[in-house]
Amino acid sequence: MFRFTRTAIEPETLRQELADPACGGYASFEGWVRDSNDGQRVRRLEYEAFEALAVREGERIVGEAIARFRLAHAACVHRVGDLGVGELAVWVGVSAPHRAEAFEACRYIIDEVKHRLPIWKKEHYLGGDSGWVNCERCAAPATRETEPSASHAHGHAHRHGR
């Protein structure tokens, strides 16, 4: 299950939906809005998404995780709209027969969501400026074939952190 919401994410309710007596492992990830980025003080964030495409791809990612890690259940919820500092922006939860698969699957889902989904984040700074950040969809996995050349990197306006 993957979905967007414009209201607060409630992790406890979502966790209960994943509970299964056949599972001994549960893992979750919560991504919160932090108060700074790259030396700038952040006042709030604004998330936009191409929702129809993102939901299809998000469902694909969750399905991949279920198959790859033999999960019983998995879910991801991402906020869109305006969020204040400290608010929950994204939640991932999984339940599995064993803890190792639960941890690995949770990380897989959030990493793939950040890399593959058409979701954009605009930061609004205390000084009044704003800027779009984390254009991770254009960052390919770090391999020799996909690393940007030095000449290509100079024209790039953002970092590709991990």
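The values are calculated or read from the model by the stated rules, or taken from the named source; none is laboratory data. None of these values were measured; they are calculated from a predicted model. No Cβ is skipped: glycine too gets one built from the backbone with ideal geometry, and neighbour counts run over all protein chains shown.
For segment 38-49, the criterion of being in a loop (DSSP other than H, G, I, E, B) and in contact with a Phe, Trp or Tyr (Cβ under 8 Å, 6 or more places away or on another chain) is met by none of the residues. Can you tell me which residue among ALA89, ALA75 is more than 19 Å from GLY25 (Cβ to Cβ), surrounded by 12 or more Cβ atoms within 10 Å (Cβ to Cβ) and modelled with pLDDT of 95 or more? Testing whether each residue is more than 19 Å from GLY25 (Cβ to Cβ), surrounded by 12 or more Cβ atoms within 10 Å (Cβ to Cβ) and modelled with pLDDT of 95 or more leaves just ALA89. Total residues in segment 29-65 satisfying the condition of being crowded, with 17+ Cβ neighbours inside 10 Å and more than 25 Å from GLU123 (Cβ to Cβ): the figure is 2.
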